[in-house]
Each structure stands twice: as structure tokens, then as C-alpha cells.
1. Condition test on GLU19, is it without any contact (Cβ under 8 Å) to a residue 12 or more places away in the chain, on the phi > 0 side of the Ramachandran plot and either in contact with a Phe, Trp or Tyr (Cβ under 7 Å, 6 or more places away or on another chain) or open to solvent by 30 Å² or more (accessible area, probe 1.4 Å) (or both)?
2. Do you know which of the residues in the stretch 1-22 that are modelled with pLDDT under 95 and in a helix (DSSP H, G or I) is nearest to the chain's Cα centre (by Cα)?
3. The conditions are (1) within 12 Å of GLY9 (Cβ to Cβ); (2) surrounded by fewer than 18 Cβ atoms within 10 Å (Cβ to Cβ), and GLU99 fails exactly one of them. Which is it?
4. Got a number for residues in the stretch 3-16 being more than 7 Å from the ligand (Cβ to nearest atom) and without any contact (Cβ under 8 Å) to a residue 60 or more places away in the chain?
5. So which residues in the stretch 29-87 are closer than 18 Å to HIS101 by Cα, in contact with a Lys or Arg (Cβ under 9 Å, 6 or more places away or on another chain), in a helix (DSSP H, G or I) and small (Gly, Ala, Ser), if there are any at all?
6. Considering only the stretch 102-129, state which residues are open to solvent by 70 Å² or more (accessible area, probe 1.4 Å) and either touching a Pro at 6+ places or on another chain (Cβ under 9 Å) or within 20 Å of ALA145 (Cβ to Cβ) (or both).
7. Would you confirm whether any residue within the stretch 82-95 is surrounded by fewer than 20 Cβ atoms within 10 Å (Cβ to Cβ) and either within 14 Å of the ligand (Cβ to nearest atom) or polar (S, T, N, Q) (or both)?
8. Just the residues that are out of contact with any Lys or Arg (no Cβ under 7 Å at 6 or more places or on another chain) and more than 12 Å from VAL122 (Cβ to Cβ), please, taken from the stretch 88-99.
Amino acid sequence: MKHILLLNGPNLNLLGTREPQIYGHTTLADIERHIAALGETFGIRVESFQSNGEGELVGRIHRAREEGAAAAIVNAGAYTHTSIALRDALAGTALPFVEVHISNVYKREPFRHHSYLSDLAVGVIAGLGVYGYEAALRFLFETEAV
Ligand SMILES: O=C(O)[C@]1(O)C[C@H](CCCOc2ccccc2)[C@@H](O)[C@H](O)C1
């Protein structure tokens, strides 16, 4: 069975517990369960990983490629806006990925308007709430990226 990586960055483990006005009430565990279940209907195994550490996220990207992941869904959190290391890991492993943001970062503070990842991504989804993760998975399946 083909597999993909669902990667979530710093503070996304807090989803559903704080700032619901921005990020909603769905927990990360709920997102991971939903995406895994939907992936199964597509014949895709979804491996989920969340870390608050930049280095751990970099290492998980390396491992995904080593293990033959076909693609990734990446919400790098605030590292989106700061991390050349994550950019280099995604570029270096050539893992096709969809960048997802729950909030519409372009309606928020200017420092969230730049991403070190977007030009490497197959596509970017922002502002659709947690539905962005499902849209990313459906896109990867329908376009046979996976
Ligand atoms: O909108 C997104 O998904 C973001 O990637 C979320 C990041 C923040 C994740 C923090 O998530 C929390 C969730 C609940 C409570 C506190 C933080 C933010 O730094 C990006 O600019 C946009």
C-alpha cells in the first residue's frame, strides 16, 4: 500500500484546546484519525507526525523519503515562516508535498505572509480550516501523485 506523511509542526498539538476562533475546535488527533481513515478508502496509508522541534521535523522528512513515502501533507506551523532547514529537507528529499495552513495566513500578521516552503510545494491551501488537510489528500489521490 502506498503511503504518505502527514506532518504538523510546532504548537499544532494544541489544536482544539486554544484559540478556537482561529484554528477551530478539532483536535490534531481528530485530524490525524480522519485523514488516515479517508486515506484508507483511497488505498493510501497515512503516517502522521507532529513535533515542536525543527530538527525532529527535518529528521522525519528524511525518514519519510528513505521509507519510500510517495508524498506529504505539510503544515509546518510557524517554521513555515522561518525555517530554511525545513526548506532544505523538503528540497533535498524531493518529496512532493502540499503545504496546508488552517488559517488564511494572508489575512494575518505580515510576518505570516512569507513561506520558505511554498515555491517548493505542489500547491498551497490556506484558510479552509481543517478541511484543507482533506482537500490536500483528495488532490494527491485524484492527481495520482500517490
Ligand atoms: O494556520 C496555520 O495552520 C498555521 O500554520 C498555524 C501556525 C500556528 C500553529 C499554532 O497552533 C495553535 C493551535 C491552537 C492554539 C495555539 C496554537 C501559524 O504559526 C502559522 O502562521 C499558520
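1. Numbers: without any contact (Cβ under 8 Å) to a residue 12 or more places away in the chain: yes; on the phi > 0 side of the Ramachandran plot: yes; either in contact with a Phe, Trp or Tyr (Cβ under 7 Å, 6 or more places away or on another chain) or open to solvent by 30 Å² or more (accessible area, probe 1.4 Å) (or both): yes.
Considered against the rule, which asks whether it is without any contact (Cβ under 8 Å) to a residue 12 or more places away in the chain, on the phi > 0 side of the Ramachandran plot and either in contact with a Phe, Trp or Tyr (Cβ under 7 Å, 6 or more places away or on another chain) or open to solvent by 30 Å² or more (accessible area, probe 1.4 Å) (or both), GLU19 comes out as yes.
2. Checked the stretch 1-22; the qualifying residue nearest to the chain's Cα centre (by Cα) is ILE22.
3. Among (1) within 12 Å of GLY9 (Cβ to Cβ); (2) surrounded by fewer than 18 Cβ atoms within 10 Å (Cβ to Cβ), GLU99 violates only (2).
4. Residues in the stretch 3-16 being more than 7 Å from the ligand (Cβ to nearest atom) and without any contact (Cβ under 8 Å) to a residue 60 or more places away in the chain: 2 in total.
5. The answer is ALA78, and nothing else.
6. ASP119, VAL122, LEU128
7. Scanning the stretch 82-95, I find at least one residue that is surrounded by fewer than 20 Cβ atoms within 10 Å (Cβ to Cβ) and either within 14 Å of the ligand (Cβ to nearest atom) or polar (S, T, N, Q) (or both), so the answer is yes.
8. Residues of the stretch 88-99 out of contact with any Lys or Arg (no Cβ under 7 Å at 6 or more places or on another chain): 88-92, 94, 96-99.
Of everything in the stretch 88-99, those that are out of contact with any Lys or Arg (no Cβ under 7 Å at 6 or more places or on another chain) and more than 12 Å from VAL122 (Cβ to Cβ) turn out to be ASP88, ALA89, ALA91, GLY92.
The values are calculated or read from the model by the stated rules, or taken from the named source; none is laboratory data. Since this is a predicted model, take the numbers as computed values, not measurements. Backbone-built Cβ (ideal geometry, glycine too); neighbour counts: all protein chains shown. Only protein heavy atoms, including side chains, enter the accessible area calculation; ligands, DNA and RNA are left aside. Shrake-Rupley method; radii C 1.70, N 1.55, O 1.52, S 1.80 Å.
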